[in-house]
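Everything below concerns the one structure shown next.
The values are calculated or read from the model by the stated rules, or taken from the named source; none is laboratory data. Being a predicted model, the structure only gives us computed values, none of them experimental. Cβ: placed from backbone, ideal geometry, glycine included. Neighbour counts: every protein chain shown. Heavy atoms of the whole protein, side chains included, go into the accessibility calculation; ligands, DNA and RNA do not. Shrake-Rupley method; radii C 1.70, N 1.55, O 1.52, S 1.80 Å.
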Amino acid sequence: MDPLDRLRGPVPPRPHDARAIAALAANPGCARRAVLDAAGIDKDATATHLGFPAPFGQSPFAITRGNVFESLVKESGCAELLRLLRELLGLPVEQAAYADLGDVGGNPSAHVRHSHTRGLLDRAARDRDDAGTLFDHPLLRLEIAGQSAYLEPDVVAFQLGGRFHIVEIKSFAVVDGQAEPDKVAAAARQAAVYVLALRNMMEDLGHDPGRVSHDVVLVCPENFANRPTATLVDVRRQLAVLRRQLARMTRVGTIVDALPPGLTFDLARDADGVPARPVEELREAVRGVEARYAPDCLSTCDLCFFCRDEAAAGESTDLLGRQVRDALGGVATVSEALGLADGTLIPGEGQEEIARLLRLADRIYAEVS
Ligand code: SF4
């Protein structure tokens with residue numbers, strides 16, 4: 001039996017969506033997440049069974065607001081979007097054709113829609129005509145650790161010069177030219193997934209993948225009104241992290257090989273639809289794979305409350321955020337850091353430099369407080 005199937009137990013693998021794939025890039029160093037995702041394990045159900053349900057899920061109000069905003073941007077064949085591309089971003093799109101790929105002659109099947117998207121984008125890429133085309137609801141595909149994930153960006157704008165841009169429509173506000181950095185970062189990670197999927201498709205079709213721009217168009221409402229505004233966001237950094245993380249997932253076998261034999265995250269349900277696995281057993285199984293908690297997990301991973309609790313119980317320096325953790329490299333717990341700072345703990349091999357810095361910080365802190 002495939003080791004990843006054994007880890008998942010007798011339940012089907014959970015499909016990946018763009019949001020989940022984007023989140024992979026948020027914490028590339030976490031073996032726990034890499035293993036659970038590679039095996040297609042339902043992290044939400046795992047967290048719920050462990051008693052630490054995920055804090056995600058949009059309110060119905062936010063969903064309605066998002067849908068209304070998206071319809072406004074796309075109304076009349078994306079007329080508003082075209083205005084933004086032309087006026088705000090200076091793209092020389094005189095006029096654009098509009099193609100809705102939401103279904104194919106009434107057939108909404110993912111396979112058929114994906115083939116249709118491939119055909120139309122192939123034709124657009126071959127067409128040397130400079131006219132732009134907006135592709136709405138295209139269906140892209142990305143291979144994640146041997147599984148196909150179908151992905152649907154908000155729009156793909158094909159415009160002059162034969163370059164494709166991903167357009168991401170989000171309903172968080174841009175106020176005085178600024179949006180919440182966390183939300184922009186999450187949107188950039190998600191858009192990078194689409195860029196990668198579209199580049200792979202282009203390569204597959206024999207076109208230069210570089211024709212898919214790393215500048216994505218982010219469309220948001222401006223100043224709490226529903227008037228859209230657009231910005232170009234460079235997602236090269238997110239693409240690099242995503243590629244590394246996906247490659248790591250295909251090599252996840254080396255992490256899996258090092259796990260205890262017989263380890264499983266089996267969440268098979270009993271006749272009442274409740275996972276039959278005793279919670280304590282599942283907790284030990286999850287703890288058997290090393291985690292790398294960081295506060296950003298709270299907005300990107302279903303297991304965040306479980307891992308935060310675990311890190312807090314072990315006084316892990318991970319709780320202090322990635323920057324502090326990296327600066328404290330090799331000092332695993334807060335009490336160890338405090339001991340090195342006040343001199344009650346003798347630095348181990350390789351800890352001399354960080355111990356010197358911690359003692360210095362402790363002295364400065366004592367002088368100014
Ligand atoms: S919440 Fe836990 S499993 Fe998820 S990325 Fe963070 S440390 Fe890894």
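What pairs come out if I take residues in region 350-364 that are acidic (Asp, Glu) and pair them with residues that are outside any helix (DSSP H, G or I) whose C-beta lies under 9 Å away, six or more apart or interchain?
These pairs meet every condition: 353/347; 362/343.
Going by the structure shown, is residue 65 over 24 Å from residue 274 (Cβ atoms), touching an Asp or Glu at 6+ places or on another chain (Cβ under 9 Å), at pLDDT 80 or above and more than 16 Å from the ligand (Cβ to nearest atom)?
no
Restrict the check to region 75-94 and report whether at least one residue is within 16 Å of the ligand (Cβ to nearest atom), part of a helix (DSSP H, G or I) and of a type in the set (S, T, N, Q).
no
Can you tell me which residues in region 295-305 are closer than 16 Å to residue 187 by Cα and within 6 Å of the ligand (Cβ to nearest atom)?
297, 301
What's the number of the only condition in (1) farther than 28 Å from residue 245 by Cβ; (2) assigned to a loop (DSSP other than H, G, I, E, B) that residue 361 fails to meet?
Failed condition: (2).
Quick check, is residue 271 among the small types (Gly, Ala, Ser) and free of Cβ contacts under 8 Å to residues at least 12 places away in the same chain?
The answer is yes for residue 271.
How many residues does region 38-52 contain that are within 16 Å of the chain's Cα centre (by Cα), in a helix (DSSP H, G or I) and more than 9 Å from the ligand (Cβ to nearest atom)?
Within region 38-52, residues that are within 16 Å of the chain's Cα centre (by Cα), in a helix (DSSP H, G or I) and more than 9 Å from the ligand (Cβ to nearest atom) number 2.
Being buried (at least 20 other Cβ atoms within 10 Å of the Cβ) and over 20 Å from residue 148 (Cβ atoms) is the filter here; which residues of region 13-32 pass it?
26, 27, 30, 32
Can you name the residue in region 14-37 that is among the basic types (Lys, Arg) and away from the ligand (no atom under 11 Å from the Cβ) and is also farthest from residue 269 (Cα to Cα) among such residues?
Once the filter is applied, the top-ranked residue is 19.
Hey, among 325, 308, which residue is part of a helix (DSSP H, G or I), within 30 Å of residue 42 (Cβ to Cβ) and open to solvent by less than 80 Å² (accessible area, probe 1.4 Å)?
Just one listed residue meets the conditions, 325.
Per-residue answers, yes or no, for (1) closer than 20 Å to residue 3 by Cα; (2) among the charged types (D, E, K, R):
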site	(1), (2)
247	yes, no
253	yes, no
263	yes, no
297	no, no
309	no, yes
339	no, no
342	no, yes
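Condition (residue is within 15 Å of the ligand (Cβ to nearest atom), more than 19 Å from residue 38 (Cα to Cα) and assigned to a loop (DSSP other than H, G, I, E, B)) applied to region 283-294: is it met by at least one residue?
yes
How do the strands (runs of 3 or more DSSP E) wholly within region 145-210 filter down when requiring 2 or more residues that are touching a Gly at 6+ places or on another chain (Cβ under 8 Å), in contact (Cβ under 8 Å) with a residue 60 or more places away in the chain and not assigned by TED's automatic domain parsing to the domain that holds residue 14: which remain?
155-159
Mind telling me which of the residues 263, 282, 232 ends up being touching a Leu at 6+ places or on another chain (Cβ under 9 Å), open to solvent by 40 Å² or more (accessible area, probe 1.4 Å) and at pLDDT 85 or above?
Answer to the selection: 232.
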